[in-house]
Structures are given as C-alpha cells and as structure tokens.
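*Asks:* There's a structure below that I have some questions on.
The values are calculated or read from the model by the stated rules, or taken from the named source; none is laboratory data. What you see is a predicted model, and the numbers here were worked out from it, not measured in a lab. Cβ placement follows ideal geometry from the backbone for every residue including glycine, while neighbour counts extend to all protein chains displayed. Each accessible area value is taken on the protein alone, full model and side chains, heavy atoms only, with ligands, DNA and RNA left out. Shrake-Rupley method; radii C 1.70, N 1.55, O 1.52, S 1.80 Å.
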Amino acid sequence: QVQLVESGGGLVQAGGSLRLSCAASGSIFSINVMGWYRQAPGKQRELVATITSGGGTNYADFVTGRFTISRDNTKNTVYLQMNSLKPQDTAVYYCKADLKRYRFDAVYDYWGQGTQVSVSS
C-alpha cells in the first residue's frame, strides 16, 4: 500500500507565498520522478513542476521564476515553494510519484488527494 499525503495549502493574498509538501509512504523501493500538478475549476489538470531522483527539474512556463520544486529522497518527500502568487494560481494542487514498490516492479504512478490553494486579489 502506497500513500501520498499533501499539506500546506490554504488561502493567501496575491503576492504572497505558500509551501506545499507531499510525503510518500508505504511499500516503496524507489521513486523516480515526483511532481506537482494542478486543476482549476472547469479546467484540465496541468503540469506545474517535476523533479527527478537526481534533482533535475522541469517547470511549466507559467511558474518559472516564481515556484521552486525540491525533494528530500531520505524522506520520500517533495516540496513546492510558491512565491509571488497570483489569483490565477488558484487550484487544487496534486502531487504525483512514479515509483517501484519492489526491486523488479514496473513503475507506477501514484497520486495524492490534493490540497486547495486559493489566492485572493
């Protein structure tokens, strides 16, 4: 059983900051890519940022320079530091982990339950 639990969402004024965390737990052998996605009401889920086990990062154009993704491999945890937040960043933010449960397992995607981020103008 693998679980991803997000925390750190909330309500913030435009220009403010939030830090999201997502901890993976359970039967985990290795985690390849971890990432953050978001879904606003009436819109499709979209990529925000990803990070590999070696620290390589990828960002959506709309967050470059404002958000920073990081991870602690010893804790199976990924973070998203969000600065200079805008009302259009309002969405449910989900973390995802591509992982193996044991050595010869295939790689599977696991998702967290999501955390609400609301930015007021």
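*Asks:* Which residue, of Arg71, Arg66, is farther than 20 Å from Leu11 by Cβ and touching a strand residue (DSSP E or B) at 6+ places or on another chain (Cβ under 9 Å)? I'd like the intermediate steps shown before the answer.
*Replies:* Details: Arg66 fails: farther than 20 Å from Leu11 by Cβ.
Testing whether each residue is farther than 20 Å from Leu11 by Cβ and touching a strand residue (DSSP E or B) at 6+ places or on another chain (Cβ under 9 Å) leaves just Arg71.
*Asks:* Right, another one. Among residues belonging to segment 103-118 that are of a type in the set (Phe, Trp, Tyr) and in a strand (DSSP E or B), point out the one that is nearest to Ser84 (Cα to Cα).
*Replies:* Within segment 103-118, the subset of a type in the set (Phe, Trp, Tyr) is 104, 108, 110-111.
When the remaining residues are screened for being in a strand (DSSP E or B), the result is 108, 110-111.
On the way: Tyr108: 33, Tyr110: 29, Trp111: 26 Å.
Among residues in segment 103-118 that are of a type in the set (Phe, Trp, Tyr) and in a strand (DSSP E or B), the one nearest to Ser84 (Cα to Cα) is Trp111.
*Asks:* Separate question: Filter segment 93-114 down to residues that are buried (at least 22 other Cβ atoms within 10 Å of the Cβ) and either modelled with pLDDT under 95 or touching a Ser or Thr at 6+ places or on another chain (Cβ under 9 Å) (or both) and give me whichever is farthest from Ile51 (Cα to Cα).
*Replies:* If we filter segment 93-114 for residues that are buried (at least 22 other Cβ atoms within 10 Å of the Cβ), which is where we start, we get 93, 95, 97, 99, 112.
Next, from what is left, pick out any that are either modelled with pLDDT under 95 or touching a Ser or Thr at 6+ places or on another chain (Cβ under 9 Å) (or both): 93, 95, 99.
Details: Tyr93: 16, Cys95: 11, Leu99: 13 Å.
For segment 93-114, the residue satisfying everything is Tyr93.
*Asks:* Just give me the residues in segment 3-21 being open to solvent by less than 40 Å² (accessible area, probe 1.4 Å) and in a loop (DSSP other than H, G, I, E, B), in sequence order.
*Replies:* Gly8, Gly9, Gly16 - these are the residues of segment 3-21 that are open to solvent by less than 40 Å² (accessible area, probe 1.4 Å) and in a loop (DSSP other than H, G, I, E, B).
*Asks:* Please pick out the residue among Tyr94, Tyr108 that is in contact with a Cys (Cβ under 9 Å, 6 or more places away or on another chain) and aromatic (Phe, Trp, Tyr).
*Replies:* None of the other options fit; the residue is Tyr94.
*Asks:* On the given criteria, is Phe62 in contact with a helix residue (DSSP H, G or I) (Cβ under 9 Å, 6 or more places away or on another chain), open to solvent by 50 Å² or more (accessible area, probe 1.4 Å), among the aromatic types (Phe, Trp, Tyr) and on the phi < 0 side of the Ramachandran plot? Reasoning before the result, please.
*Replies:* Values: in contact with a helix residue (DSSP H, G or I) (Cβ under 9 Å, 6 or more places away or on another chain): yes; open to solvent by 50 Å² or more (accessible area, probe 1.4 Å): yes; among the aromatic types (Phe, Trp, Tyr): yes; on the phi < 0 side of the Ramachandran plot: yes.
Here the answer is yes, as Phe62 does meet what is asked.
*Asks:* Pairs please, first residue from segment 108-121 and under 11 Å from Thr90 (Cα atoms), second anywhere and among the charged types (D, E, K, R) and open to solvent by 30 Å² or more (accessible area, probe 1.4 Å), Cβ atoms under 7 Å, 6+ apart in sequence or on different chains.
*Replies:* Val119/Lys86
*Asks:* Please verify whether segment 31-49 includes one or more residues that are touching a strand residue (DSSP E or B) at 6+ places or on another chain (Cβ under 8 Å) and farther than 20 Å from Gln113 by Cα.
*Replies:* no
*Asks:* Just the residues that are closer than 14 Å to Ile28 by Cβ and either of a type in the set (Phe, Trp, Tyr) or not in a strand (DSSP E or B) (or both), please, taken from segment 64-102.
*Replies:* Asn73, Thr74, Lys75, Asn76, Arg101, Tyr102
*Asks:* Of Thr77, Thr52, Thr90, Thr68, which residue is open to solvent by less than 50 Å² (accessible area, probe 1.4 Å) and more than 13 Å from Glu6 (Cβ to Cβ)?
*Replies:* Result of the check over Thr77, Thr52, Thr90, Thr68: Thr90.
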